[in-house]
Amino acid sequence: QACNLAAADALHDHLMLLNPDAFVLPGCLAQLSRALAGDDRVAAVSPAVYWDSQQSWRLPPSFLPTPWTDLALSLGMRWRLLGEFSHRRYRRWVWRSLQDAGTVQQSMLSGGNMMIRANVLKRVGGLFDPAFFMYYEDTDLCRRITRYGLKMLLVPQAYVVHRWQHSTSKHEPMSHSAAIYDQKHHAG
């Protein structure tokens, strides 16, 4: 809700969402701003994300969860050949996204490091749905952006370090938010 309050009072055309455990590298904000300014159909952009300050470990881009991706992941964990096939496809997609010299259209961007057009927020129903305390609020936002026919881009020339960590304490709130997301977007 703090992000929603800040977005409501924003004075600039572009808003940068950045988690407290992340920091932008030199030139990142300018690159992201240029990518947004280049096409009015682009609602949001994200930089390439490194896990460490030495820029040794690059995190893969995310994909928008759907009932089909959930089914594929579930079946892939049950049947080895299907899992290997799905994993190869996913690796090829990640590799293309990370190796492309230009911007790459994405179906999902992380809210932990995303620049978004301020004027898009009214069209898509605001920044973050307050039903999500934490987790999946960015997934919901990306789903709404996509629903309005707007684009999201990965800008591989812009860099951020996100010292993201996962712990078992996140499982319960993530599961709770995933259930809210599924009920909102995939109730049928």
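The values are calculated or read from the model by the stated rules, or taken from the named source; none is laboratory data. Keep in mind that what you see is a predicted model, and the values were worked out from it rather than measured. Cβ coordinates were reconstructed from backbone atoms using ideal geometry, including for glycine residues, and neighbour counts include every protein chain displayed. To get the accessible areas, we keep the full protein, side chains included, count just its heavy atoms, and leave off ligands, DNA and RNA. Shrake-Rupley method; radii C 1.70, N 1.55, O 1.52, S 1.80 Å.
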Might you let me know whether region 1-18 holds any residue that is within 13 Å of Gly111 (Cα to Cα) and part of a helix (DSSP H, G or I)? yes
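Somewhere in region 65-72, is a residue modelled with pLDDT under 85, assigned to a helix (DSSP H, G or I) and over 19 Å from the mean Cα position of the chain (by Cα)?
Going residue by residue through region 65-72, those that are modelled with pLDDT under 85 are 65-72.
Narrowing further to those that are assigned to a helix (DSSP H, G or I): 67-72.
Among the residues that remain, those that are also over 19 Å from the mean Cα position of the chain (by Cα) are: 71-72.
The answer is yes; a qualifying residue exists.
Could you grab me the full set of residues in region 108-133 that are more than 14 Å from the chain's Cα centre (by Cα) and hydrophobic (A, V, I, L, M, F, W, C)?
Step one: list which residues in region 108-133 are more than 14 Å from the chain's Cα centre (by Cα), which gives 117-126, 129-133.
Ala118, Val120, Leu121, Val124, Ala131, Phe132, Phe133, listed by residue number.
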Please work out if Leu11 is open to solvent by 70 Å² or more (accessible area, probe 1.4 Å) and among the aliphatic types (A, V, I, L, M). yes
So, of the residues in region 160-185 that are at pLDDT below 85 and of a type in the set (D, E, K, R), which turns out to be nearest to Ser46 (Cα to Cα)? Arg163
Suppose we keep only residues that are at pLDDT 85 or above and within 18 Å of the chain's Cα centre (by Cα) within region 91-107. Which one would you say is nearest to Gln31 (Cα to Cα)? Thr103
So which residues in region 39-77 are touching a residue at least 40 places away in the same chain (Cβ under 8 Å), open to solvent by less than 40 Å² (accessible area, probe 1.4 Å) and of a type outside the set (A, V, I, L, M)? Asp39, Ser46, Pro47, Tyr50, Asp52, Pro61, Pro65, Thr66
Could you please find all residues in region 19-37 being surrounded by 12 or more Cβ atoms within 10 Å (Cβ to Cβ) and either in a loop (DSSP other than H, G, I, E, B) or modelled with pLDDT under 90 (or both)? Asn19, Leu25, Gly27
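In the list Leu109, Leu75, Leu82, which residue meets the criterion of being of a type outside the set (D, E, K, R), closer than 29 Å to Lys184 by Cβ and in contact with an Asp or Glu (Cβ under 9 Å, 6 or more places away or on another chain)? If you could, list the steps in order and put the result at the bottom.
Details: Leu75 fails: in contact with an Asp or Glu (Cβ under 9 Å, 6 or more places away or on another chain); Leu82 fails: in contact with an Asp or Glu (Cβ under 9 Å, 6 or more places away or on another chain).
Testing whether each residue is of a type outside the set (D, E, K, R), closer than 29 Å to Lys184 by Cβ and in contact with an Asp or Glu (Cβ under 9 Å, 6 or more places away or on another chain) leaves just Leu109.
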Of Gln1, Gln55, the only residue that is under 20 Å from Asp100 (Cα atoms), at pLDDT below 90 and not hydrophobic (A, V, I, L, M, F, W, C) is Gln55
Could you tell me whether region 89-104 includes any residue that is touching a helix residue (DSSP H, G or I) at 6+ places or on another chain (Cβ under 7 Å), free of Cβ contacts under 8 Å to residues at least 40 places away in the same chain and not acidic (Asp, Glu)? no
Exception for Asp40 within (1) assigned to a strand (DSSP E or B); (2) farther than 18 Å from Gly112 by Cβ falls at (1)
